[in-house]
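Please read the structure below before turning to the comments.
The values are calculated or read from the model by the stated rules, or taken from the named source; none is laboratory data. Every value quoted in this text rests on a predicted model; they were computed, and no experiment measured them. Backbone-built Cβ (ideal geometry, glycine too); neighbour counts: all protein chains shown. Ligands, DNA and RNA are excluded from the accessible area calculation, which covers all protein heavy atoms including side chains. Shrake-Rupley method; radii C 1.70, N 1.55, O 1.52, S 1.80 Å.
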Amino acid sequence: MLGGVDDGARDTAQMLEMLDAAYESGTRAICLTPHFNPAYFGDTSAVSESVFAQLHEYASERYADMRLYLGNELFYYDGCVNALVSGACRTLNGTRYVLVDFNFDTPFLRIRAALRDLLSSGYIPVFAHVERYECIKPPFRELMELREMGIKIQINSTSLCGGWGRGIQKKTVKLLKKYIPDVLASDAHSTGTRHPRLDECESIVSELCGNDYADAIMHTEPSKIIGIN
Ligand SMILES: [Fe+2]
């Protein structure tokens, strides 16, 4: 959502439009997670902070009950723990939780080893958009194993709403029907297909799995993870 930082909002105007859309759809707390991938986006930590401050100012002027927090989405690479330790890469709102992603064709054994590396360094990985990986397939034994290790499983609203095609959408529904995801989030990048509105998604999850589970993965668990309970 932060404008001009990575492949998210292209500029300030789109960023503010995204915040307005999120608020209008009922969202009252957002943890902004710009990509942390120095090889691809360069060092964006300073610009992320200043754009976040700008967004924060806009939000506090207009929306008294909107809360904003900062984190990163860490694209895993060997040695990335150093970036977490130094603070160059942010955990989710300064907690022990780290949102982490990989290339979509990464083999499961490599993903598991990477997540173990983060765990053994004292962090709790939130494995981002699990539905988008080739190696993650029904009956999702791999994900059960990761959950047993203490890893949090996250899915995207875009996937559930069909933005990545029928196959990914079906996989996301299967994940929900097995009550595997711990968190559902927007992964908003713009005001287009990857938009920040979560209201449609909340209705779908409620219909598929009931209001309690929808509330758990869209409110309670994300709040716990970013430490705002
Ligand atoms: Fe990602």
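For segment 1-58, the set of residues classified as over 21 Å from Thr191 (Cα atoms), under 19 Å from the mean Cα position of the chain (by Cα) and of a type in the set (S, T, N, Q) consists of Asn37, Thr44, Ser45, listed by residue number.
When Arg96 is tested against (1) buried (at least 19 other Cβ atoms within 10 Å of the Cβ); (2) touching a Phe, Trp or Tyr at 6+ places or on another chain (Cβ under 6 Å); (3) within 30 Å of Ala46 (Cβ to Cβ), just one condition goes unmet, and that condition is (1). The set of residues in segment 174-205 that are more than 16 Å from the ligand (Cβ to nearest atom) and open to solvent by less than 30 Å² (accessible area, probe 1.4 Å) comprises Leu175, Leu176, Ile180, Asp182, Cys201, Val205.
Quick check on my filter: what residues within segment 103-127 are without any contact (Cβ under 8 Å) to a residue 40 or more places away in the chain and in contact with a helix residue (DSSP H, G or I) (Cβ under 6 Å, 6 or more places away or on another chain)? Scanning segment 103-127 gives Phe104, Phe108, Pro125.
Is there a residue being hydrophobic (A, V, I, L, M, F, W, C), touching a Pro at 6+ places or on another chain (Cβ under 9 Å) and within 16 Å of the ligand (Cβ to nearest atom) anywhere in segment 14-29? No, segment 14-29 has no match at all. Checking each residue in segment 176-200 for being in contact with a Ser or Thr (Cβ under 9 Å, 6 or more places away or on another chain) and aliphatic (A, V, I, L, M) picks out Leu184, Ala185, Ala188, Leu198. Scoring Cys135 on the criteria (1) assigned to a loop (DSSP other than H, G, I, E, B); (2) in contact with a helix residue (DSSP H, G or I) (Cβ under 9 Å, 6 or more places away or on another chain); (3) away from the ligand (no atom under 16 Å from the Cβ) leaves a single failure, condition (3).
Scanning segment 1-47 for residues that are assigned to a loop (DSSP other than H, G, I, E, B), touching a Leu at 6+ places or on another chain (Cβ under 9 Å) and at pLDDT 85 or above returns Ser25, Gly26, Thr27, Thr33, Pro34, Asn37. Here Ala88, Ala83, Ala128 are screened, and the one residue that is in contact with a Cys (Cβ under 7 Å, 6 or more places away or on another chain) and not β-branched (Val, Ile, Thr) is Ala83. The test for being more than 26 Å from Thr220 (Cα to Cα), over 20 Å from the mean Cα position of the chain (by Cα) and either among the β-branched types (Val, Ile, Thr) or within 16 Å of the ligand (Cβ to nearest atom) (or both) does not hold for Thr106.
Can you find a residue in segment 140-152 that is of a type in the set (A, V, I, L, M) and within 16 Å of the ligand (Cβ to nearest atom)? Scanning segment 140-152, I find at least one residue that is of a type in the set (A, V, I, L, M) and within 16 Å of the ligand (Cβ to nearest atom), so the answer is yes.
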